[in-house]
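Presented below is the structure to which this report refers.
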Amino acid sequence: MSVYMGVFSVRTTYLKVYRASRIQTYSSRFRRLHSHTGPDTQRPSFGISFDIDGVLIRGGKAIGGSPQALRRLYGDDGTLKIPYIFLTNGGGVPESKRASELSELLGVQISPLQVVQGHSPFRDLVSRFGNDLIVAVGKGEPAKVMLEYGFKNVLSIDEYASFFKGIDPLSRYKNWAFKQNNEIMKNMNELDFSYNVNSDAVKGTFIVSDPVDWGRDIQVLCDILSCGGLPGKEKGHQPALYFASDDLLYQAEFPAERLGMGAFRIALENIFNSVNGIPLQYTSYGKPNPSVFKNAESVLMQVASTLNGNPDHAGGRTEKENKFRTIYMIGDNPAVDIKGATKAGYPWFSILIRTGVFKGKDNHPEYPADMVVENVEEAVEYILKKEAF
Ligand SMILES: [Mg+2]
């Protein structure tokens, strides 16, 4: 059973904490990178939100003229002219690392403030789970992501599983797992970890990015979630479970779409429910959730306020004057990017492109976008023409 209400109950805190911590942490560095002294009137009344996979990048390579498209948002001197952010359901690495990877790949200077990933809202759960034992799941560096957000006692699911002999009866058939396990044990010896996993219960489980070993991860998560956070013990109250996104499919290197975190959620939920006879409780973040778009608007406003080198006064404008007349969402996935922007309503304007999940000739029948173009370069061209910028 989906507990979407949970998302809304944390929304107020989410926005407040974002403003108070994340944005201010990055804004001074961002100001140094992007400040210029142009007149205040030059600040555009629109902003752009780019999905990443299938829009700017596919299979680790830039697509659709994305480096050229982004360069148009900067002045000749390399300072940012037009406020934009990346709004992705993907993740697995800290925002700071993603920003430098994107800068390298796309050839422009990107700040961590501009990177909003599926798991970015997890940082607002630090007040609830900051000192508890939690388990982070997914590709990349899920535990590092959570540690950077301020959670103090995080184990990746690889590390956690390594404490329980025989928890994955198939591990001996997984050739890759031997090498991985040796590395994990080495890291664990260096880790200052004071918990006893046999008596200290896991309080929260976080699916940070796409799980790598579905079979093992579903087994271990079922153990944690069925037995009150203590695998192998008696059945007990289900610990909290959060998903960074709920995408059923996404477009990667392979011609046909791949199974995303939403597919993993369906698998875990069905198995948990069949085994336990009670519905799995969870909260999913990510697009198309309206709270993601609300937050994106507030992050974009912060980016915009740094353009004139004065983030505290935002050019002397009131908050109302600061609001965008239009925010463009450029995405490849109708059910995620376009549905989300449409649900978010004013001031969002959706642009669907054909370099990823969507490949149709006309608009998408179920989630039609405000505009359909070929690729991201055409999308940016359209925006700049329309805004006469
Ligand atoms: Mg995409």
Zone residues, the range 222-238, relative to Leu170, backbone N less than 16 Å from point 7 Å out along Cα-to-Cβ: 222-223
The range 135-218: C-alpha pair distances exceeding 19 Å, %: 37 percent
Antiparallel DSSP beta bridges within the range 47-117, as percent of all bridges there, nearest 5: 35 percent
Whole-number Å³ per residue for the convex hull built on Cα positions in the range 89-169: 101 Å³
Hits among lysines - C-alpha to C-alpha of Lys385 under 19 Å, sequence gap 8 or more where chains match: Lys81
Within the range 86-147, GluC sites (Glu not before Pro) in DSSP loop having at most 16 other beta-carbon neighbours inside 10 Å: none
Residue-count net charge about Ala296 - beta-carbon cut-off 12 Å; Lys, Arg +1, Asp, Glu -1: -1
The range 97-205, relative contact order [Cα under 8 Å, separation at least 6], %: 26 percent
Prolate/oblate/rounded call for the range 202-300, Cα gyration tensor, a/c under 1.5 rounded: oblate
Sites matching GluC sites (Glu not before Pro) across the range 234-293 that sit in DSSP coil, with at most 16 neighbouring C-beta atoms within 10 Å: Glu234, Glu253, Glu257
Pair Asp77, Phe389: separation of 7 Å Cα→Cβ label points (nm): 1.9 nm
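Readers should treat all values here as calculations from the given coordinates under stated rules, not as data from a laboratory. All of these numbers come straight from a predicted model, not from anything done at the bench. Note: ideal-geometry Cβ built from the backbone for every residue, glycine included; neighbour counts use all protein chains shown.
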